[in-house]
Structure formats: structure tokens, C-alpha cells
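The values are calculated or read from the model by the stated rules, or taken from the named source; none is laboratory data. On a predicted model such as this, the values are computed, not experimentally measured, just so you know. Glycine also receives a Cβ, built like all others from the backbone with ideal geometry; neighbour counts cover every protein chain displayed. Heavy atoms of the whole protein, side chains included, go into the accessibility calculation; ligands, DNA and RNA do not. Shrake-Rupley method; radii C 1.70, N 1.55, O 1.52, S 1.80 Å.
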Amino acid sequence: MERTAHDFMVRMVETYSRVHSPRYWNALEGNIDTDFVKGGIIADLGCGPGLLLRDLGRKFAPKKLVGVDLSPVMLQRAEVETRSVGVDTEFIQQHLQDDPQLKFSAHAIFSSRVLRSFEDQQAIMNSISAALEDGGYLVIVDWIRASIRDYLSWFSQQSGEFENLTPAEVIRYHRIFSRYSLEDWEYIVENHGFEVIHTFQIDAVHGGIIARKL
């Protein structure tokens, strides 16, 4: 059965807290200058249903939130999720793979489980760098390179779409998700005008990197 935008949204909501766990939030502590971000603009690329955007608004109290996603269904849910934050919020429907140019400036750009899928990393990273204020932060969380057995172990602990996968499905998901290691992400961001501040592991198949524009 072909998955709909609503199906993807449900999956993102189901897995949000497993990825944006205490390890994720602890990694931000001490590695992001709160005073720099507070009162500025925070953007989320591939914001999906807006859960991360909502929580970032609550944590940092920025002047404005910007959510970018290609799906109207996701953006509609994101608008609902962020209403309670009490922060000016802008949503942009944009297919970043086809048009990577960002049409805003920001003090921090976040992206979760999105950027690894880009075929042209140079284009999106250059665009992110251009959109960030000097000293601005880039926080990436994504699926990372790991063995099929590591992915199988993670999948076996999930419910919904990732529950009871066949071996063929595990292999297919691994081929899609297991693309870059954390060392690869360090190389990518360091060669696009960023200084790596911190790298962290969330679980066997998810990791993150915090970098700052030079």
C-alpha cells in the first residue's frame, strides 16, 4: 500500500521523542549560546509536524520561528503544534532538494533526519551557511551509518511502521538510512564554513552534530 503524507506524519509523531530524547536536549546544553539565540530567529528544515519547532520555541524563546517543509499536511499540523508557544511563526512550503535556496536569515538552523537524503550536500550546506547570521548555529540529527544488525535491533524496539519488519524491509530501510557517519558529517560541515562544537550519539542508529558558522 502506498504511504500517504498523513502516514509519514504519524510515523514522525510516533518516533519524535525517541530521537529527541534527553540525550538530544542534554547535548544542546552548554554547546549553544542561549543569549545569542534568544530573541533571534530559529528555523527547522524539514520541520514535519512541528514538534521540534514547538519545543525549540519553548526552550529558547526566540523572536521568531521558521518551519520549512514540502508537505502541506505537515505544515498544517506544525501550525497547530506551535500555537501554544506564543512566538511569531512563519511556515514555508518548499521542496529543498529542488530549490535549496533559503529565503530567510536565522540565528540557528536545526534539521532532523532530513539532510542525509540530499544528493547535493554542497548546495544545501552553502544555502544554510548563507542564511545563518555570523556565529549562527547548525544542529543536525540524522540516521547514521551502522550495521544492518544495529538497525534491526532499533527497529525491533519500535511500534507502528517499523514493527515486525521482514528481512527484505530491514535491508531496504538500511540502504536508505545508513548513509553518513558522524565523522562524515564533521567533514561536510567543516568544509562549508563551520566549526564543529560537539558531536553526540543518541542511540545505535541516530547521531548529531552541533556546529557554528565561522
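Evaluated over the Cα positions of the stretch 1-111, the convex hull gives a direction-averaged projected area, one quarter of its surface, of 7.3 nm². Using a probe of 1.4 angstrom and keeping all protein chains present, the accessible surface of the stretch 52-126 works out to 46 square angstrom per residue. Here the accessible area of the stretch 1-82 is 51 percent carbon and sulfur, with a 1.4 angstrom probe and all protein chains present.
A convex hull fitted around the alpha carbon atoms of the stretch 123-190 yields 116 Å³ per residue. Solvent-accessible area per residue in the stretch 7-50 equals 42 Å², computed with a 1.4 angstrom probe and all protein chains kept.
Remark on residue 202: its backbone amide H falls under 5 Å from those of 207, 208, a criterion applied only to residues 5 or more positions apart or on other chains, H modelled at 1.01 Å from N. Peptides 103-109, 80-86 ranked from most to least packed, by the mean per-residue count of other Cβ atoms within 10 Å: 103-109, 80-86. Kirkwood analysis of the Cα pair distances in the chain returns a hydrodynamic radius of 17.5 Å. Ordered from largest to smallest accessible area (heavy atoms of protein chains, 1.4 Å probe), the residues 116, 179 come out as 179, 116. For the chain, a simple Cβ point-charge model (Lys and Arg +1, Asp and Glu -1, everything else neutral) yields a dipole of about 360 debye relative to the Cα centre.
Taking amide H positions as modeled 1.01 Å from N, with prolines and chain starts lacking one, the residues under 5 Å from residue 145 and 5 or more places away or on another chain are 179, 180, 181, 182. Between residue 25 and residue 158, the contour length at 0.36 nm per residue exceeds the alpha carbon distance by 45.8 nm. Once backbone amide H atoms are built at 1.01 Å from N, residue 110 has 43, 44, 45, 139 as its partners under 5 Å, excluding neighbours fewer than 5 places away on the same chain.
From the backbone phi of the stretch 35-42, what are the Karplus-calculated ³J(HN,Hα) couplings (6.51 cos²θ - 1.76 cosθ + 1.60, θ = phi - 60°) in whole Hz, Gly and Pro given as x? With the stated coefficients, the stretch 35-42 comes to 5, 5, 7, 4, x, x, 10, 10 Hz.
Using a probe of 1.4 Å, the accessible surface attributed to residue 119 totals some 140 Å² when neighbouring protein chains are kept in position. Ratio of alpha-carbon Rg to the 2.2 N^0.38 Å globular estimate for the stretch 90-214, to two decimals, please. My calculation over the Cα atoms of the stretch 90-214 gives 1.14.
Put +1 on the Cβ of every Lys and Arg and -1 on every Asp and Glu Cβ in the stretch 74-214; which of 188, 176, 100 then has its Cα farthest towards the positive end of the dipole? After comparing all options, I get 176. In percent, rounded to a whole number, the relative contact order of the stretch 7-63 is 42, using alpha-carbon pairs under 8 Å and six or more apart.
Converting phi to 3J(HN,Hα) with the Karplus coefficients 6.51, -1.76 and 1.60 and the offset θ = phi - 60°, the stretch 7-14 yields 4, 5, 5, 4, 4, 5, 5, 5 Hz in sequence order, with x at every glycine or proline. Each residue of the stretch 53-68 was assigned a 3J(HN,Hα) from its phi angle through the Karplus curve 6.51 cos²θ - 1.76 cosθ + 1.60 (θ = phi - 60°); the sequence is 4, 4, 6, 5, x, 5, 6, 9, 6, x, 5, 8, 10, 10, x, 10 Hz, with glycine and proline shown as x. Each of 125, 84, 109 was placed along the dipole of the chain (beta-carbon charges, centred on the mean Cα), and the one lying farthest toward the positive end is 84.
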